[in-house]
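See structure below.
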Amino acid sequence: MQITPTSALKIAVIHGPNLNLLGLREPDIYGADTFDDVNRKIEERARQLGLEIRIRQTNHEGEIIDIIHDAVNWADGIVINPGAYTHYAYAIADAIRGVRLPVVEVHLTNVHAREEWRHKSVISPATVGQIVGFGAESYALGLQALRAVLLQGRS
Ligand code: DQA
């Protein structure tokens, strides 16, 4: 797709299952920031980077797939935290491959330092890259990385 240099880059930010519980959910692991706090940080960074974003959260795998499909109609790329789907949801990986949008996978926690079943991501092979372990900053870094990838494509 041809992107005109003057248009703002548009990015879909997708939160998967249980991320709506942030603040309440295992704060020793996920921190005290609420879901709204995290989204405020994402929005602030998007503003600083001059990005137009739309944030969605769902607990349902099929809905994540629908959001990915719909992103084709408006977005230049996707930042996604697929939650536990990361570790086994091949249909989400196939959706990412299907839409051919650049995708950055992010995780609040360093999944590689946690239980062994979290070490494997079936999503990563379909993405540009993965950012883990920086809390809400993982999303901000994800936006920054995706912006760099998209701008490279413009030049
Ligand atoms: C997570 C890591 C996953 O293993 C876990 O199931 C989550 C959150 C993270 O952001 O660190 O729900 O994606």
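The set of residues from the range 48-100 being touching a Gly at 6+ places or on another chain (Cβ under 9 Å) and part of a strand (DSSP E or B) comprises 57, 79, 80, 81. Tally up the residues in the range 127-140 that are away from the ligand (no atom under 13 Å from the Cβ) and either surrounded by fewer than 19 Cβ atoms within 10 Å (Cβ to Cβ) or part of a loop (DSSP other than H, G, I, E, B) (or both), please. Number of matching residues: 3.
Scanning the range 67-79 for any residue that is among the polar types (S, T, N, Q) and closer than 12 Å to residue 13 by Cβ turns up nothing. Condition first: away from the ligand (no atom under 12 Å from the Cβ) and either within 15 Å of the chain's Cα centre (by Cα) or within 25 Å of residue 151 (Cβ to Cβ) (or both). Now tell me which residues in the range 10-34 satisfy that. Those that are away from the ligand (no atom under 12 Å from the Cβ) and either within 15 Å of the chain's Cα centre (by Cα) or within 25 Å of residue 151 (Cβ to Cβ) (or both): 10, 11, 12, 13. Close Cβ contacts (under 7 Å, 6 or more residues apart or on different chains) running from residues in the range 10-24 that are assigned to a loop (DSSP other than H, G, I, E, B) to residues that are of a type in the set (Ser, Thr, Tyr) comprise 16/85; 17/85; 22/30; 22/34; 23/34. Within the range 66-79, residues that are open to solvent by 40 Å² or more (accessible area, probe 1.4 Å) have Cβ atoms under 8 Å from residues that are in a helix (DSSP H, G or I) in these pairs: 69/95; 69/98; 69/99; 72/99, counting only partners at least 6 apart in sequence or on another chain.
The set of residues in the range 107-122 that are near the ligand (Cβ under 7 Å from one of its atoms) and either acidic (Asp, Glu) or closer than 19 Å to residue 12 by Cβ (or both) comprises 107, 108.
If you check 111, 99, 106, 38 for being touching a residue at least 40 places away in the same chain (Cβ under 8 Å) and surrounded by 14 or more Cβ atoms within 10 Å (Cβ to Cβ), only one passes: 38.
The values are calculated or read from the model by the stated rules, or taken from the named source; none is laboratory data. Predicted, not measured: the structure shown is a model, and the values here were computed from it. No Cβ is skipped: glycine too gets one built from the backbone with ideal geometry, and neighbour counts run over all protein chains shown. Note: areas computed on protein heavy atoms with side chains; ligands, DNA, RNA excluded. Shrake-Rupley method; radii C 1.70, N 1.55, O 1.52, S 1.80 Å.
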